[in-house]
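Structure first, then comments.
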Amino acid sequence: TIEGVSLRQALHEHGFWWLTAAFFFGTLSSVAVAVHLIPFLLADGYTPGFAAAATGLIGATQVAARVVVTLAGNRCPAVPLTAAVFALQGVAVLVLLAWHQASGVLLAVILLGAGRGAVTLMRASLVAERYGRAHYGAIGGALALFVSGAAALAPVGAGVAYQVAGGYPVVFAGLGGISRLAALVQGILAGAAFLVV
């Protein structure tokens with residue numbers, strides 16, 4: 001028989017909800033940053049061409065990160081590695097806010113894209129490692145429901161926050177904080193204390 005816990009068992013486990021919370025917050029932040037990056041950069045004085053090219057680089061680095069994660073295999077424990085990726089996404093947002101040069105933007109989008117690419121594969125690995133193969137689709141689908149909700153909420157939520165705050169710096173600072181919260185939640189899941197920036 002194929003080993004693994006049922007969806008019902010997974011839903012009654014605290015670890016599932018910690019995992020779900022981490023990916024919800026991580027997705028909320030990364031999608032909001034990606035969607036609002038062009039207007040953020042335009043407001044910061046960059047040209048439309050540069051803003052579009054920098055945002056496009058997120059997609060290219062996602063692909064590269066997936067290749068690296070696939071080649072790395074199981075050399076690093078997935079839970080703390082995912083926490084580190086969420087923390088790096090928070091750092092990337094801080095770079096956008098603090099380093100007002102093209103080189104800073106490029107570093108930030110490389111970190112953001114690499115994080116988004118890596119997290120997609122890590123989510124699947126974490127579900128398989130933690131819950132087995134028997135009900136992988138159902139458990140992964142339950143997690144994906146919340147992740148999809150975060151992705152749908154992110155652009156609208158950031159837009160509302162922009163209207164309330166009256167500018168992007170406060171919004172992006174909040175999004176960076178949400179990424180670091182995702183790292184902290186993932187760190188709790190790992191049973192370790194993580195110091196996030």
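The values are calculated or read from the model by the stated rules, or taken from the named source; none is laboratory data. Since the structure is predicted, the reported quantities are computational estimates derived from the model, not experimental observations. So basically every Cβ, Gly included, is an ideal-geometry build from the backbone, and we count neighbours across all protein chains shown. Keep in mind that these areas ignore ligands, DNA and RNA; they rest on the heavy atoms of the full protein, side chains included. Shrake-Rupley method; radii C 1.70, N 1.55, O 1.52, S 1.80 Å.
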Q) Mind checking which residues of region 25-61 are within 17 Å of Ala154 (Cα to Cα) and either in contact with a Cys (Cβ under 9 Å, 6 or more places away or on another chain) or surrounded by fewer than 21 Cβ atoms within 10 Å (Cβ to Cβ) (or both)? A) Ala34, Val35, Ile38, Pro39
Q. So is Gly45 outside any helix (DSSP H, G or I), over 14 Å from the mean Cα position of the chain (by Cα) and modelled with pLDDT of 85 or more or not?
A. yes
Q | Residue check, Ala118 touching a residue at least 24 places away in the same chain (Cβ under 8 Å), open to solvent by 40 Å² or more (accessible area, probe 1.4 Å) and in a helix (DSSP H, G or I) | A | no
Q: Output yes when any residue across region 65-73 is in contact (Cβ under 8 Å) with a residue 24 or more places away in the chain and basic (Lys, Arg), and no when none is.
A: yes
Q. When region 149-169 is examined, which residues are found to be open to solvent by 70 Å² or more (accessible area, probe 1.4 Å) and either among the polar types (S, T, N, Q) or touching a residue at least 40 places away in the same chain (Cβ under 8 Å) (or both)?
A. Leu153, Tyr162, Gln163, Pro169
Q.
If the requirement is being modelled with pLDDT of 80 or more, under 26 Å from Gln163 (Cα atoms), in a helix (DSSP H, G or I) and of a type in the set (Ser, Thr, Tyr), which of these qualifies: Thr61, Thr55, Thr20?
A. Thr55
Q) Within the bounds of region 126-137, is there any residue that is open to solvent by less than 40 Å² (accessible area, probe 1.4 Å) and either within 18 Å of Phe172 (Cβ to Cβ) or of a type outside the set (A, V, I, L, M) (or both)? A) yes
Q) Which residue out of Trp17, Trp99 is in contact with a helix residue (DSSP H, G or I) (Cβ under 8 Å, 6 or more places away or on another chain) and free of Cβ contacts under 8 Å to residues at least 24 places away in the same chain? A) Trp99
